[in-house]
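Below is a structure I'd like to ask you about.
The values are calculated or read from the model by the stated rules, or taken from the named source; none is laboratory data. Here the structure is a predicted model, which is why all the values come from computation and not from measurement. Heads up, the Cβs are rebuilt from the backbone with ideal geometry, glycines too, and the neighbour counts pull from every protein chain shown.
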Amino acid sequence: MLLHSLPRTSLGFFPTPIVELKKLSHKLQGPRIFVKRDDQTGLALGGNKTRKLEYFVADALQQGCDTLVTAGAPQSNHCRQTAAAASLTGLDCHLVLGGQPTIDVNGNLLLDKLLGANIHWSGDQRKGEQIPNIIDSLTVQGKKPYVIPYGGSNAVGAAAFVFALEELTQQLTSLNINIDHIVFASSSGGTHAGLTVGSALLNLDSQIVGIGIDKGEAGELPYSTCLAQLSNETHQLIMGKGSQYPEQDFIVNTDYQSTGYGVVGDLEKEAIQLVAQTEGILLDPVYTGRAMGALIDMIRNKQFDRQETVLFWHTGGAPALFDYAAVLT
Ligand SMILES: *Cc1c(COP(=O)(O)O)cnc(C)c1O
């Protein structure tokens, strides 16, 4: 079944490649491992947010907006790709970043500045709590802002991953590969919800395994509740009719997030070095380093059969490596 698409503005290079990590599988004596290279989406060093932004930008242009506004951590890949999308399509960009102004401009923050984004520092909060104030002041200045939520995870952003799953199934059919498990870093939920809705609509029987990255804050809804709601909304947006995705169907492995968001420990460091040194592929310190660390640990604990096939969805993020030089060397 081919899905009916939504308005889309081309920002990257698709389909992204699929490669097999034969040496890593051999080294771990584990399952076959493939990687979906969304680190190669091509928009200012790439990443999974490029897919979401293709639909956000189309929506913004359709609504006659002239400014993209979003939020994230100082090393947000989502913010960097939003800044690049704005440059490419002639929009202004305002980013609300957690933390304080710093002279240590590196990694994604350096790229945000090179891409010409306007940066607002938001102290302890990094999930867009200050966006309403910024919208007010932009509106007073006669601007028409378009707000992209934290991580780009609303139904429009998640829909991009429904279409990504369609892209994947077409590649798997032509390569004649069957995937038992899809493993990836799951954080603001758009990727996870989109892959879930996509596999329901396209009858893909791979298990969708999100590795929890951010343990969240007190007062936030449980993550699987958010994933279920977002999946329901995404299904509605694409199909024009409702569906109920049960919370308990979402697999989020929370065993690897206890050190907290953005903290690099031995798990992440070993995974980054191992994949770099066996396959020449760069992971990132916050998301894919942790998710690959989890996958490696699960393989060592024999949670996957050697006859099985795992697809690791590489969601990008390597620009942040440069900001973590001190802990990675
Ligand atoms: C944003 C991001 C993720 C998480 O995707 P969500 O859709 O927010 O869950 C994973 N990896 C990288 C590198 C990211 O930038």
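State all residues of the range 27-85 that are over 20 Å from Asn106 (Cβ atoms) and either of a type in the set (Lys, Arg) or modelled with pLDDT under 95 (or both); if no residue qualifies, say none.
Scanning the range 27-85 gives Lys27, Arg32, Lys36, Arg37, Arg51, Lys52.
Within the range 283-297, can one find any residue that is in contact with a helix residue (DSSP H, G or I) (Cβ under 6 Å, 6 or more places away or on another chain), among the charged types (D, E, K, R), in contact (Cβ under 8 Å) with a residue 24 or more places away in the chain and within 11 Å of the ligand (Cβ to nearest atom)?
Yes, the range 283-297 has at least one match.
Quick check on the range 173-188. Is at least one of its residues within 14 Å of the ligand (Cβ to nearest atom), at pLDDT 95 or above, at positive phi and outside any helix (DSSP H, G or I)?
no
Turning to a different aspect of this structure: Here is a list: Thr50, Thr70. Which entry is crowded, with 24+ Cβ neighbours inside 10 Å, under 29 Å from Glu166 (Cβ atoms), within 13 Å of the ligand (Cβ to nearest atom) and more than 14 Å from the chain's Cα centre (by Cα)?
Thr70
Can you name the residue in the range 124-166 that is within 11 Å of the ligand (Cβ to nearest atom) and closer than 17 Å to Val96 by Cα and, of all such residues, is farthest from the chain's Cα centre (by Cα)?
Pro149
For Asp214, which of the numbered conditions (1) more than 20 Å from the chain's Cα centre (by Cα); (2) in contact (Cβ under 8 Å) with a residue 40 or more places away in the chain; (3) assigned to a loop (DSSP other than H, G, I, E, B) fails to hold?
The number of the failed condition is (1).
Which residue out of Glu247, Glu233 is within 24 Å of Tyr55 (Cβ to Cβ), modelled with pLDDT of 95 or more and among the charged types (D, E, K, R)?
Working: Glu247 fails: within 24 Å of Tyr55 (Cβ to Cβ).
It is Glu233.
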